[in-house]
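See structure below.
The values are calculated or read from the model by the stated rules, or taken from the named source; none is laboratory data. All figures in this text were calculated on a predicted structure; none of them were measured in a lab. Please note: Cβ atoms are built from the backbone with ideal geometry, for glycine as well, and neighbour counts cover all protein chains shown.
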Amino acid sequence: MFVKRLGTVIDKLNSWVAKFFSYVVIVMMVTISYEVVARYLFNAPTDWSGEINQYLLCTMSMLGGGYALLVDQHVRVDIIYRYFSLKQRAVIELSTWWLIIIFCLVLVWKGSGAAFDALVSGKRSMSILEFPLFPSLVMVPIGGGLLLLQALARVLRNILTLMTGVDEVGSGKSLFH
Amino acid sequence: MPLMEVTILTIIIIALVIFFLLLGLPVAFTLGGLAVLGALYVWGFKGLYMLASTAYAESTSFILIAVPLFIFMANILRYSGLADDLYEMVYKWMGRIPGGLAVGTVIICAIFAAMAGISSVATVSMGLIALPSMLKRGYKKEIATGCISAGGALGILIPPSIIMIIYGAMAEVSIGKLFMGGLVPGILLSAIFCGYIFLRCFFNPRIGPPVDHSFSWAEKFRSVKGVILPGLLIVLVLGVIYSGAATPTEAAGIGALGALICALIYRKISFKDFRDALLSTFSLNAMVLWIVVGAVAFTHVLAYAGISGMIKDAILGLHLSRWWILFAMQFTFFILGMFLDPAGIIMLTTPIFVPLVRALNFDPVWFGVLFTINMEMAYITPPFGFNLFIMKAVVPPEILMGDIYRSIIPFVALQGIALIMVILWPGLALWLPSSM
């Protein structure tokens, strides 16, 4: 079925993003440790480590939003939610999750505008490094887009649940993070 | 905006936040989504750019770089086998004391807390290692599960601490000072737990019977071997922060690398563990950063619309003693703690509370420490204490959720005592940071 396949593809996309970009933390760990060593042992602090790590944090955090939604990591209160039936849960989610979707749409829309401007004007950071801002700015719309897709997958699954009465969301097991 | 409009807006926004949260929408998107609606209301379409710029500004925050690094360090420790080594040491050294295994478990949790910025690592590890061992040796389930749930929560009070980093970033307080502020109260709270367990088991050894097997001194000293490297790591990470040799962010980088090297030296980590640690770091970090993004965008709207100012003026206008207001804030934390994760609680409350704390001339570092002690309770208060769910997932099936709920009652009371002590004697929290 097309809708189910679409959901699986989105899950796979975010899993793949997570597998690849989770290694960013290793780069951060190594560059920051190098900075400390360079400062104390070589007496030559770097002028790039701090700034590069800001961009790396942006990459890792923005791109992780969709994956965190996939594995149900985002903090939420499920105290009332738990007591509803499968179909009631689907109705509740359909009536609240549009808030995520407009949030993501704004990030994609305004974020890609800012990234596009930076690309066209060749905007760089105001530091010694003068690093191009486009690669990090573009993470906002991409991250918003990945989160948007994962949220849409969940909305589609809720619609399926409503139609078939079968748990397509897996919301019953969301108690343990 | 006229006062009437601000008042109505305030009521509507608070009602919407509660509505969406109760229906199970994640905190990050409740705040972020309402920030979109709020921005549209106060600025129109041109105001929406604020959300993208906030997302970028917060996710490139220099302070928050420490968050994924400390999470990664904690995740590596979880797979490093260190917990086994520590428990073996405790078993050999303290097993013969009444309640010794439970006291030792609290000490292990405190050591873990000094290496990990989150509470789940110690709770999971001890739940898997110490709990079965204690139950097998006749420890009563209340004391065995209670000491792990409560001990695990020490992770956020004893530095490093992710919760303190988020609070520091939001309240614009030095992370290094917050960390040092949590150290003495953290050790104090651990000592209170240990004292309580020992006294109860001393007067009633059936709760935590001594182990009737003794070890030679050679065996005892051999068990210390596995603890030396991690011990050095703790001293290194906390030492560089205290001395100012490195920023907390840099200490996080070194600490993560050190933890990884320790795990590799002891050869206890497989490639699959490593990848799991990476993935878990990736999603936890994203969770934290997306809450920050949503909450800061929400805060901008509240501030611009004059809502935060109005709530502050309204509370100050009551002319209550500042201690009553402090009490009300702590009470709010406690109640929210029953339902929400600390990261969400900081974000919901800082826009209102931090300006109040400053206006009332309370020290924001001290307030941060009080908040963190309060959040220790949040981890173990039902119905939604995070550590209780971790415990339920690792305990044998004959221990019920009700048993776990009952087991934490004395520990919540002890945490409450520690909170009151730090309120009465602010020096407990402020002495160490002021000596930096």
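Miscellaneous remarks
- The set of residues from segment A:53-80 being at the interface with chain B (Cβ under 7 Å from one of its Cβ atoms), part of a helix (DSSP H, G or I) and in contact with a Leu (Cβ under 7 Å, 6 or more places away or on another chain) comprises A:57, A:61, A:65.
- Here B:82, B:31, B:101 are screened, and the one residue that is of a type outside the set (Lys, Arg) and at the interface with chain A (Cβ under 10 Å from one of its Cβ atoms) is B:31.
- Every residue from segment B:244-279 that is within 12 Å of chain A (Cβ to nearest Cβ), free of Cβ contacts under 8 Å to residues at least 24 places away in the same chain and either surrounded by fewer than 19 Cβ atoms within 10 Å (Cβ to Cβ) or over 23 Å from residue B:179 (Cα atoms) (or both): B:245, B:261, B:275, B:279
One line per residue, one yes/no per condition, for (1) more than 16 Å from the chain's Cα centre (by Cα); (2) at pLDDT 95 or above; (3) surrounded by fewer than 21 Cβ atoms within 10 Å (Cβ to Cβ); (4) more than 8 Å from every other protein chain (Cβ to nearest Cβ):
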residue	(1), (2), (3), (4)
A:95	yes, no, yes, no
A:103	no, yes, no, no
A:120	yes, no, yes, yes
A:162	yes, no, yes, yes
A:177	yes, no, yes, no
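- Meets criteria (of a type in the set (Gly, Ala, Ser), assigned to a helix (DSSP H, G or I) and facing another protein chain (nearest Cβ under 8 Å)) for residue B:55: yes
For every residue, the table says whether it meets (1) more than 27 Å from the chain's Cα centre (by Cα); (2) among the hydrophobic types (A, V, I, L, M, F, W, C).
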position	(1), (2)
B:3	yes, yes
B:22	no, yes
B:39	yes, yes
B:54	no, no
B:60	no, no
B:71	no, yes
B:88	no, no
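- Scanning segment A:11-20 for residues that are under 12 Å from the mean Cα position of the chain (by Cα) and more than 7 Å from chain B (Cβ to nearest Cβ) yields A:13, A:14, A:15, A:17.
- A search for C-beta distances below 6 Å between a residue of segment B:355-383 that is within 14 Å of chain A (Cβ to nearest Cβ) and crowded, with 24+ Cβ neighbours inside 10 Å and any residue that is assigned to a loop (DSSP other than H, G, I, E, B) and modelled with pLDDT under 95, counting only pairs 6+ apart in sequence or on different chains, returns B:379/B:119; B:379/B:385.
- Residue B:61 falls short on exactly one of the conditions (1) surrounded by 24 or more Cβ atoms within 10 Å (Cβ to Cβ); (2) not in a helix (DSSP H, G or I), and that condition is (1).
- Candidate set from segment B:284-313 (those that are of a type in the set (Gly, Ala, Ser) and crowded, with 24+ Cβ neighbours inside 10 Å); member that is nearest to residue B:1 (Cα to Cα): B:297
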